[in-house]
Amino acid sequence: MLGRILQHDYHGDETPFTDEERAALKFVNNRLYLHKVLRINYTSYDMKRDQDSLNPRTHANIMMLSHDDDAHPYWYARIIGLFHVVVRHPTSINPITLDVVRVRWYGRDPDSRYQSGWRNRRLPRIGFVEYTEDESSSPAFGFVNPEHIIRGVHLIPAFHHGVTKELLPPSNSARLPSEGDTDYNFFYVNM
């Protein structure tokens, strides 16, 4: 949110802000407003206009343009919450309303032997980023500007790679009730 107000280019959650800069951002009435659905307009592959209806319970996976110098052009995430906030900042006279999406990030499969794409006849393989307290590693959670979301994405669990409990401690907010306290190790991005 602070990066948006200060008009920084978005490069993920990697822009460092000082404690003083963060303290300058004040939430009006200390409120966060919850929403159930986010609608994203996009152009389909046959050049027609279409709309995705995204929500954390039934259609939660999204894609965004990658800001890495990576061969894969997209980042993927699961929506955890849809919100808007009203904030005050010293750079603005009036309160600012911001829409934000709380996400749990997916990361690409670190196995360099797995090559995906049309040439290799394999779907891209991703998995959840592991939660850690180490600030030098990639964050497992973040906030996204809804304007950066390209569209919803269909992920296929890689059943043969199994599930794990090691990526995240038990969490009611980051997982669906049907998932219990486990995550699939990998998903395939359906294209």
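No lab work stands behind these numbers, since they all come straight from the coordinates. None of these values were measured; they are calculated from a predicted model. Methodologically, a virtual Cβ is constructed for each residue, glycine included, from the backbone with ideal geometry; neighbour enumeration extends over all protein chains shown.
Checking every one of the trypsin sites (Lys or Arg not before Pro) in segment 102-173 against DSSP loop status and a limit of 16 other Cβ atoms within 10 Å picks out R113, R119, R121, K165.
Distance between the pseudo-spin-label points of D111 and D46 (7 Å out from Cα toward the beta carbon): 3.6 nm.
Applying both filters, DSSP loop and at most 13 other Cβ atoms within 10 Å, to the chymotrypsin sites (Phe, Trp or Tyr not before Pro) of segment 1-107 gives Y45. The HN-Hα couplings worked out from phi for segment 86-100 by the Karplus form 6.51 cos²θ - 1.76 cosθ + 1.60 (θ = phi - 60°) are 10, 10, 10, 9, x, 7, 10, 6, 9, x, 10, 9, 10, 8, 9 Hz, whole numbers, x standing for Gly and Pro.
Rg to Rh for the chain: what is it, with Cα atoms only and Rh by Kirkwood? Walk me through the intermediate numbers first.
Details: Rg = 17.8 Å, Rh = 18.3 Å.
Computed over Cα atoms, the ratio is 0.97.
Taken as Cα centroids, segment 1-48 and segment 156-181 sit 26 Å apart, rounded to the nearest whole angstrom. For GluC sites (Glu not before Pro), the sites in segment 1-73 that DSSP calls loop and that have at most 15 other Cβ atoms within 10 Å are E14. Working from label points 7 Å from Cα in the Cα-to-Cβ sense, the L32 to S53 distance is 2.6 nm.
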